[in-house]
1. Can you tell me which residues in segment 427-469 are more than 30 Å from T399 (Cα to Cα) and within 60 Å of the chain's Cα centre (by Cα)?
2. Among the candidates A29, A60, single out the residue that is more than 30 Å from P186 (Cα to Cα), among the small types (G, A, S) and touching a residue at least 60 places away in the same chain (Cβ under 8 Å).
3. Of all residues in segment 435-469, how many are touching a residue at least 12 places away in the same chain (Cβ under 8 Å) and either of a type in the set (A, V, I, L, M, F, W, C) or open to solvent by 100 Å² or more (accessible area, probe 1.4 Å) (or both)?
4. Would you mind telling me which numbered condition in (1) free of Cβ contacts under 8 Å to residues at least 24 places away in the same chain; (2) in a loop (DSSP other than H, G, I, E, B); (3) in contact with a Ser or Thr (Cβ under 7 Å, 6 or more places away or on another chain) V73 fails?
5. Identify, from the list T357, T375, the residue that is among the polar types (S, T, N, Q) and surrounded by fewer than 18 Cβ atoms within 10 Å (Cβ to Cβ).
6. Only one residue in V32, V107, V42, V38 is open to solvent by less than 10 Å² (accessible area, probe 1.4 Å), away from ligand 2 (no atom under 16 Å from the Cβ), within 30 Å of T264 (Cβ to Cβ) and not charged (D, E, K, R). Which one?
7. For residues that are within 20 Å of L268 (Cα to Cα) and of a type in the set (G, A, S), scanning just segment 280-293, find the one that is surrounded by the fewest Cβ atoms within 10 Å (Cβ to Cβ).
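The values are calculated or read from the model by the stated rules, or taken from the named source; none is laboratory data. None of the values given here were measured: they were computed from a predicted structure. Cβ sites come from the backbone with ideal geometry, for glycine too, and all protein chains shown count toward neighbours. Areas reflect the complete protein model, heavy atoms only, side chains present, ligands, DNA and RNA absent. Shrake-Rupley method; radii C 1.70, N 1.55, O 1.52, S 1.80 Å.
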Amino acid sequence: MGAPAQAVILAAGRGTRMKSARAKVLHQALGVPLLEHVLRSVQALRLDPITVVVGHQAEAVEAAFAGRGLRFVRQEPPRGTGHALQVAKEDIAAHADRTALVVNGDVPLLRPETLASLLKVHQTSRAAATLLTVDLDDPGAYGRVLRGTDGQVRAIVEARDASEAERQVREINAGIYAFDVPSLLPLLAGLQPQNAQGEYYLTDVIGLLRTSGRSVHALKAADPVEALGVNTMGELSHVSRLLREARVASLMAEGVVFEDPQTTHVGLDVTAEPDAVIRPFTILEGRTHVAAGAVVGPYARLVDMRIGPGAQVLDHCFLRESVVEAGAVVGPFAHLRPASHVGARAKVGNFVELKNTRLGEGSKAPHLSYLGDSTIGPKVNVGAGTITCNYDGHTKSPTHIEEGAFVGSNATLVAPVTVGAGAYVGAGSVITEDVPAGALALGRGRQVVKPGWAEERVRAREEAKSSKR
Ligand code: UD1
Ligand code: CA
């Protein structure tokens, strides 16, 4: 890397065009805030310090990015991108010898490689400022880059302030700049809000630098999507789709099978191994990892899950913050709540919910069960409809089912309770006391059989009728 540089990320704007109560930079793409995308690109370059200008919903933005080694500067109220830099002036001046990389907080497709090239071009040319531009077929509301007859950047004009001729310019300002700090700072004070929006425009600095005889360079990004800013919900969904396609493509390049990329959602931090198969309409979120040969979906949603090699997550599962070990089968229609662990080759069948529960290796809970705060050993059979009563309205209590135990269908295990190794629990039992290893426990009413009862009933009715007549 070249000479040291600092970064300033502009994230104070109201995001009026989003029509949302939430700060624009906190809106999510691929499951993380827009600002996170920008921040990761910036952080990949080891810039120091990284200052974030916050204003609209400053507390929420600061809270979302606390502990990330950022310096926050408040711009209250936000009066434009130029004003945003004015409020960060002292922070920037504290490192006047370092190039200031200034980045709009709403450009999530920006790649770190592009930022690195911008810095390199800037530092080798010794320009006062270098900006990133792209050519767009539909330049819309972006600021237009005006060049002189010599081809040099002359100024930037915002679409709303541009003449009809200027609006025809297809080269736009991406909102990403490198500045020589001693050249930048004196000009910030001179910005005037004489424009359609009544704001202090950072873009005016470019024209001011040129009229004061300083050089301004431009780097044109090869891929125009990198400059896409998010200003509306429509643009948010557009960049989200592009980010998703890129993420899925990179996982496919690593050997992951996506049967239908169009209907598959993958979060920014999702990882998978070669020959993992992601079936249609599947949503992988958070830090989910899918190991080699595992098959997930269709119609599954996984949040912060670890899926082991060769495991299967069948149709319509919702699984979160849990582990499914190698060769296990989960679903269809299963629900894993946080801190659950499905052991190797274990089976969790339809309409089974696990919460904070370990299901041992090779154990099975195939149908209609709730298992909460439970530790279930290996080779256990949990019969259909088994319920752990882990909550008495005040406290949660644990259930232990030891190796090889057999719990009959529709058992109710009132925690705290232990079913010992190899023990049997009769179907329909309500178990309130520990069952010793190897024992059979029955906790249900005894069956009563009344022979001929039905016939007797019919006869009694007919007698009653004839006596009325
Ligand atoms: C800006 C540029 C435009 C460029 C476009 C690229 C200006 C005047 N215009 O327009 O030339 O083509 O970006 O996407 O800079 N912000 C603040 N404080 C403020 C206002 C904005 O921190 O007072 C932040 C916003 O949170 C946002 C960024 O600056 O992250 C850009 O602001 P936005 O209002 O989206 O600018 P554009 O109109 O898109
Ligand atoms: Ca913008």
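1. Of everything in segment 427-469, those that are more than 30 Å from T399 (Cα to Cα) and within 60 Å of the chain's Cα centre (by Cα) turn out to be V448, V449.
2. One residue alone meets the criteria, A29.
3. 7
4. (2)
5. Criteria check complete, one pass: T375.
6. After ruling out the rest, the residue left standing is V42.
7. Filtering segment 280-293 for residues that are within 20 Å of L268 (Cα to Cα) and of a type in the set (G, A, S), the one surrounded by the fewest Cβ atoms within 10 Å (Cβ to Cβ) comes out as A292.
Table: residues versus (1) open to solvent by 10 Å² or more (accessible area, probe 1.4 Å); (2) in contact with a strand residue (DSSP E or B) (Cβ under 6 Å, 6 or more places away or on another chain); (3) of a type in the set (F, W, Y).
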| residue | (1), (2), (3) |
| --- | --- |
| Q152 | yes, no, no |
| E171 | yes, yes, no |
| A174 | no, yes, no |
| D180 | yes, no, no |
| G190 | yes, no, no |
